[in-house]
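The values are calculated or read from the model by the stated rules, or taken from the named source; none is laboratory data. Note that this is a predicted model, so its numbers are computed, not measured. With ideal geometry, Cβ positions are generated from the backbone for all residues, glycine too; neighbour counts draw on all protein chains shown.
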Amino acid sequence: MHQTLSESAAWNDPQSLLFLSARYVEYLGVRNYSKKTVYRRQRELAYFRRFCEALGITQARQVTRAVVLSYQSHLFHYRKKDNTPLTVATQQHWLVCLTRFFSYLTRDGLVLYNPASDLELPRKEHHLPKVILSAAEIEAILSTPDTHGPPPSLGVRDRALLEVFYSTGIRRMELMNLDIGHLDLSRGVVHVVQGKGHKDRVVPIGARAIGWVEKYLAEVRPALCPSINEPALFLNSQGNRFTEGRLGQHVRKIIARSGVNKPGGCHLFRHAFATGLLQNGCDLRHIQIMLGHASLETTQLYTHLAIHELQEAHRRYHPASHNCPTPPPPPAESTPEP
């Protein structure tokens, strides 16, 4: 694609938003931010540049506090193709990108002041997971794959995959990126390498999940991929590592076949993992470490889902729960006189 004259000029102008945003994106890569984060920041800055260009602004030093506030208002009033607004979380992400971009420019002396400093972001919303599976529903899903067929049985692979999700609470991306070398089944742990936020962690894995993984490794995986050069733990039917999209789609199909009529995919097991541990008395900080949450505040959302203690307190202390007479039976229908 040929560059326009204005784009060519912008690339040669060290004060242009185009030039400086490219420099900032390169800086993020050097700082070892994940590819996903770098791509997202690049996309968010490109949208801000288009907003500025519509106002006749092409250079970073032309961006004032008023421009930043106008952009914040624009994000608030923006409507997507389905006429729905941007979520508060999305607005926050796009504005945080802006504050960090100008903070970088100010720190390196590329602009005189930061027009996005102390910007008041939209108040954060806390949403509980909409769907939580019970232990019985989880077991129904786990038993859905057909594990009794002749080897190599993809049902055994699917059962092992679901068991790992439920036993460790790891994210879809983290399971997709698991290599055989990340398992230490003798110690009962899984090494999550470069999980969310480029952070490693070690997560326990239960005996039942270990049993299914060992069965998969012995009976199924060698037939899917005889090559010793493929490190991925879980392979698709072509012998390749799952992609995030295909893995999520595959798990949703298994859930649909199970008869559990609830929407969702891989993340349902993560929610069930956390609420199950909490309901059985696990310390919240231990759950935080296993889930890989940077903040305990995120993990605390699950305390609102462990409602059994609240129900017990309600039963014990609510006045209507004590000395409550049995309601009278409904009156018998009278037989009409002839």
- Just checking, which of GLY181, GLY276, GLY188 is assigned by TED's automatic domain parsing to the domain that holds PRO145 and modelled with pLDDT under 90? GLY276
- What is the residue count in the stretch 220-267 for residues that are touching a helix residue (DSSP H, G or I) at 6+ places or on another chain (Cβ under 9 Å), of a type in the set (Ser, Thr, Tyr) and surrounded by fewer than 18 Cβ atoms within 10 Å (Cβ to Cβ)? 2
- Query: With the stretch 104-211 as the region, which helices (runs of 4 or more DSSP H) entirely inside it contain at least 1 residues that are farther than 17 Å from HIS267 by Cβ?
  - Reply: 135-142, 154-168
- Residue count, the stretch 177-219, condition of a type in the set (A, V, I, L, M, F, W, C), crowded, with 17+ Cβ neighbours inside 10 Å and closer than 23 Å to THR37 by Cβ, comes to 3
- Between residues in the stretch 238-255 that are under 15 Å from ILE141 (Cβ atoms) and residues that are assigned to a loop (DSSP other than H, G, I, E, B) and among the charged types (D, E, K, R), which pairs lie under 9 Å by C-beta distance while being six or more apart or on different chains? ILE255/LYS262
- Message: For a quick check of your reading: which helices (runs of 4 or more DSSP H) sit entirely within the stretch 11-100 and have at least 3 residues that are in contact (Cβ under 8 Å) with a residue 60 or more places away in the chain and surrounded by fewer than 13 Cβ atoms within 10 Å (Cβ to Cβ)?
- Response: none
